[in-house]
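Report on one structure; see the data block that follows.
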Amino acid sequence: MKFYTWKDVERYFLLHRASWESAIAAVDVYPTDITVYAKPDACDQVEEILRAMFRSNYDVSEHKIKLDIGDRELPVEIQEDDGGSKGGKILPLFSNVLYQSSSYPEQTPVNLSHPVIAFHSYKGGVGRTLSLLAFAKAWSDVMENRSPNRLLIVDADIEAPGMTWLQQDTMKDTFSYLDLLTLIQDNRDIDEIVNLACSKLKRSTITIETTSRKIEHIFLPTYRYEEQLVDLYATPESIANSKGKEYMLAEVLSRICVQMGLCAALVDLRAGISEYSSTLLLDPRVKKYFVSSTSTQSIKGTQFLLRYLLKGLNITADAVLPEIFLNMIPDTLSR
């Protein structure tokens, strides 16, 4: 690997964790310098490890790593670890689990009382939102004579909120997904968050027509007004980085369903490898439907996403496994 920036150096450390974790507790790489936290009595070993890893890029006498572009160097400070270095805590973020052996924490978060079902696609334009609406219609047909039979339908596509745009004329004084994220970011009391959200959501609906009647499901649009969409404050990523809130989003959605007498939450996520979607995708309790066309890009991208989701997933009888909706199948494609 060529080292053009400090980020290349950080990635190189993370990719080669197995070669240094016996002597090094953690490594902090910054744009200007590097701090290596040596385990007790392992400082001499650290020098040997750095020489072996970075070879001619490591200046032994000056304790610096030279970059391969320009004349930049990153000074390396070796400290004995006092237990305060950052560990390898798993967060439901692609960037966090990339260099981990598992995408999931050792202790599974508390079970959800009501299902949270996420729809995702690697690329846009493959019918993800349409699949969610078709699923909601099929659900409405099956459940129309049962109670409860209504859903919470969430437009969580922050960059291209399709369902929100379709419902724009009916969104006056509604409550939005970005409102909910702000409440979660600023509060630790889940009951308070859920109570505040439910007090506004009662008036926000989306109508799904069955074979015999119309059912009004609760709808959570992405935003209430345009400035909220452009001037973002809280995002799924910022919440996942908050202590104790890593897996709170799914729990809040589930609890809203409980309080409002709804069956389940359907969530339309942002396409691609996006931290706007990772919080729910990497939550082992959330049911995932990946929507794909038969194009090479869509298929390869879906495989790429599945590698993340299957890394360290405990396959048991009650595991919540991802499934695939295949759309746009040409007549020439054999079964």
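The values are calculated or read from the model by the stated rules, or taken from the named source; none is laboratory data. Just so it is clear, the model here is predicted, and its values are computed rather than measured. Every residue, glycine as well, gets a Cβ built from its backbone with ideal geometry; the counts of neighbours run over all protein chains shown.
Look at segment 11-33: where a residue is in the same structural domain as ASP81 (by TED's automatic domain parsing) and surrounded by fewer than 16 Cβ atoms within 10 Å (Cβ to Cβ) and a partner is in a strand (DSSP E or B) and among the polar types (S, T, N, Q), sitting 6+ places away or on another chain with Cβ atoms under 6 Å, you get ASP28/THR35. Going by the conditions given, is LEU333 at pLDDT below 95, aliphatic (A, V, I, L, M) and either touching a helix residue (DSSP H, G or I) at 6+ places or on another chain (Cβ under 8 Å) or surrounded by 15 or more Cβ atoms within 10 Å (Cβ to Cβ) (or both)? Here the answer is no, as LEU333 does not meet what is asked. Taking segment 180-216, which residues are assigned to a loop (DSSP other than H, G, I, E, B), modelled with pLDDT of 90 or more and more than 19 Å from MET260 (Cα to Cα)? ASN187 - this is the single residue of segment 180-216 that is assigned to a loop (DSSP other than H, G, I, E, B), modelled with pLDDT of 90 or more and more than 19 Å from MET260 (Cα to Cα). Every test in (1) of a type outside the set (D, E, K, R); (2) over 19 Å from the mean Cα position of the chain (by Cα); (3) assigned to a loop (DSSP other than H, G, I, E, B) is passed by GLN228 save one, and that test is (3). The single residue among GLU80, GLU62 that is in contact with a Pro (Cβ under 9 Å, 6 or more places away or on another chain) and modelled with pLDDT under 90 turns out to be GLU80.
Of LEU181, LEU232, all but one fail to be within 20 Å of SER278 (Cα to Cα) and surrounded by fewer than 20 Cβ atoms within 10 Å (Cβ to Cβ); the exception is LEU232. Considering every residue within segment 144-165, establish whether at least one is assigned by TED's automatic domain parsing to the domain that holds GLN259, assigned to a strand (DSSP E or B), modelled with pLDDT of 95 or more and among the small types (Gly, Ala, Ser). The answer is yes, given that some residue of segment 144-165 is assigned by TED's automatic domain parsing to the domain that holds GLN259, assigned to a strand (DSSP E or B), modelled with pLDDT of 95 or more and among the small types (Gly, Ala, Ser). Going through (1) closer than 15 Å to LEU133 by Cβ; (2) in a loop (DSSP other than H, G, I, E, B) one by one, PHE219 falls short only on (2).
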